[in-house]
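Okay, so here's the structure we're looking at.
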Amino acid sequence: MCMMLGGRVAEQLCFGQISTGAQDDLRKVTQSAYAQIVQFGMSEKLGQVSFDFPRQGEAPVEKPYSEATAQLIDEEVRCLISAAYKRTLDLLTQCREHVEKVSVRLLEKEVLEKADMVELLGPRPFAEKSTYEEFVEGIGHLPASLPLPEGKVEWGGLRVPAGSCAPFPEGTSLTEAVFWVHGRRTPD
């Protein structure tokens, strides 16, 4: 959320006003906050509940919760966004010198590339990852066998007795196993 609010907060910090361009960022933050609270059950006040939103293009249906719950959801969303906004403001205030450098460059040049950022801020303080393998490195692998999901009776073309385990070859990644579980051999 802080990343999505960064442009909006930087505009307020550097220019004292927010442009209409920052509205899309706020819309995305609001959608994310509602999803966290309503769909993913990430609110202590609401507890472990999940309500579905209508999908894009579907007609909205009646809410499956009371007006009091709707008010609580709105309060939780506002608190979540306010906390993210405050954290973003604190971070950008601490790094105001860097924010101003980037702001000046953005006024000169509408799109900044990695080389511009390195020139303005220096190299990143951590090693960069550029491949999928680097991103998932260290996540771990599955055990040599894993219980088959309900209804699955074969692994790699071999029939496996019901209730037994699928013999995942050593080093099978979680991603590979997920593709198998969903009936596909490899990622497309």
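The values are calculated or read from the model by the stated rules, or taken from the named source; none is laboratory data. Nothing here was measured: the structure is a model prediction, and the numbers come from that model. All Cβ positions, even for glycine, are placed from backbone atoms using ideal geometry, and neighbour counts span all protein chains on display. Calculation scope for accessible area: heavy atoms of the full protein, side chains included, ligands and nucleic acids excluded. Shrake-Rupley method; radii C 1.70, N 1.55, O 1.52, S 1.80 Å.
Odds and ends about this structure:
- Residues located in region 90-141, provided they are of a type in the set (A, V, I, L, M, F, W, C), part of a helix (DSSP H, G or I) and open to solvent by 90 Å² or more (accessible area, probe 1.4 Å): L107, F135
- Listed conditions (1) modelled with pLDDT of 90 or more; (2) under 17 Å from the mean Cα position of the chain (by Cα) are all met by D74, apart from (2).
- Criterion violated by A84 - all others in (1) open to solvent by less than 50 Å² (accessible area, probe 1.4 Å); (2) modelled with pLDDT under 90 satisfied: (2)
- Residue in region 1-51 that is surrounded by the most Cβ atoms within 10 Å (Cβ to Cβ), counting only those that are acidic (D, E) and not in a loop (DSSP other than H, G, I, E, B): D25
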